[in-house]
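Notes follow the structure.
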Amino acid sequence: METITTEAKLTPKLLEELENIIKEGWYTDRSEAIRDAVRKLIMERRLSKEGRNIVKDVEGLHG
């Protein structure tokens, strides 16, 4: 899979927390951790959008 390098600016506290997660063995490096975080953000947004659409559908049945 092709990858593209991008820059991310983190606060010192976020970087410290990220490094701790890596040291604990959850990820092998920063790139892996950041990719996983982006995947989770995308999935969360998709699920949130789907949830809003379901609510609209249900409201339409009662409206």
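Here, each number is a calculation from the coordinates, and none is a lab measurement. These figures come from a predicted structure and were not determined experimentally. Here the Cβ positions follow ideal geometry from the backbone for every residue, glycine too, while neighbour counts run over all protein chains shown.
Fewest first, what order do Ile21, Ile4, Ile42 take by the number of other Cβ atoms within 10 Å? Walk me through the numbers before you get to the answer.
Working: Ile21 15, Ile4 4, Ile42 10.
Fewest to most other Cβ atoms nearby, the residues stand as Ile4, Ile42, Ile21.
In order along the range 20-34, the Karplus-derived 3J(HN,Hα) couplings, from 6.51 cos²θ - 1.76 cosθ + 1.60 at θ = phi - 60°, round to 4, 4, 5, 4, 6, x, 5, 9, 7, 7, 4, 4, 4, 5, 5 Hz, and Gly and Pro are given as x. For the chain, the set of trypsin sites (Lys or Arg not before Pro) satisfying both a DSSP loop assignment and a count of at most 14 other C-beta atoms within 10 Å is given as Lys9.
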